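The values are calculated or read from the model by the stated rules, or taken from the named source; none is laboratory data. Everything numeric here is computed off the predicted structure, so don't read it as measured data. Ideal geometry is used to build each Cβ from the backbone, glycine not excepted, and the neighbour counts take in all protein chains shown.
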């Protein structure tokens, strides 16, 4: 029997999720229900994809008995309206990032999922990109030795920002760079200890910041650096580099979500290696992999690799970065924003 998935929110990202689920989970799971308070958007989405069960609220969808798991695809401001009823009915949940409005709220969701005995995963889907998976394999295997430096840079022309994102006061770090920060933390394999950040709000038509530099000191001694700009009018570039005691590796792409990537690996004393790859429609495919990992964990009674508990460290980096930016780059220790309870 296929796992029945409900989508809460039928905005633009829902189309990407559904494409990814159908591609990765065909034969194993299917979207059987959707919920959205906007009837025209909800019905248009359901008609397009042949989805029968349609609801005006997350409460109605989760109470219907028509789904076995849900994906919460709402804007951050209304996460609670979707996450809480799903956990109350012990449904596994995949939630878009950032998965809460605050670190304390996120921690509350993690405890609620633990009490319900179901997995809660955060959609840090860019971890599943093939180039990042290979970098993770190299780092975890110690192929580069002890990690010293992880640098993630992303330069793009993204000045036109609309919809709910334009109203978010916490924008570039919280909505976009959270992917970059999560990757750096995941690859470091060590808890964050201190954060320093600088932000600039260079787009007067939006409420939040559109440029940031974030430095992260990890307990292992490794340093992480994230540079992200929405104001690079030419030469778009996305690189992710690891420097270790025994070698270096770097992924190069034009943009974060591009299908094509090039990986350069140099492990001393071996000769440098160059690996080129392409995953067609990589972005939706990663959405499918993200949901697949949640369902696998639910079946196995395990925490998914992108669990709420795991993501609290990323959320802590985000909060510390904003506090540091308010202080014009003064370092902020993680313990100032988060007292680990687990």
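A compact table of results
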quantity: Strands (runs of 3 or more DSSP E) fully within segment 164-229 counting 3 or more residues that are over 21 Å from residue 337 (Cα atoms); calculated: 223-229
quantity: Enumeration of residues in segment 27-54 that are surrounded by fewer than 15 Cβ atoms within 10 Å (Cβ to Cβ), under 24 Å from residue 286 (Cα atoms) and out of contact with any helix residue (DSSP H, G or I) (no Cβ under 9 Å at 6 or more places or on another chain); calculated: 27, 50
quantity: Flag for residue 229 being surrounded by 14 or more Cβ atoms within 10 Å (Cβ to Cβ) and assigned by TED's automatic domain parsing to the domain that holds residue 188; calculated: yes
quantity: Selected residue (only one of 290, 307 is modelled with pLDDT of 95 or more and closer than 21 Å to residue 102 by Cβ); calculated: 307
quantity: Qualifying residue in segment 131-148 (condition: out of contact with any helix residue (DSSP H, G or I) (no Cβ under 6 Å at 6 or more places or on another chain), at pLDDT below 95, within 29 Å of residue 276 (Cα to Cα) and not in a helix (DSSP H, G or I)); calculated: no
quantity: Qualifying residue in segment 113-130 (condition: under 19 Å from the mean Cα position of the chain (by Cα) and over 20 Å from residue 288 (Cα atoms)); calculated: yes
quantity: Number of the exception - residue 291 against (1) farther than 27 Å from residue 20 by Cβ; (2) touching a residue at least 60 places away in the same chain (Cβ under 8 Å); calculated: (1)
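Okay, residues lined up against (1) surrounded by fewer than 20 Cβ atoms within 10 Å (Cβ to Cβ); (2) touching a helix residue (DSSP H, G or I) at 6+ places or on another chain (Cβ under 6 Å):
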{"site": "264", "(1), (2)": "yes, no"}
{"site": "279", "(1), (2)": "yes, yes"}
{"site": "286", "(1), (2)": "no, yes"}
{"site": "310", "(1), (2)": "yes, no"}
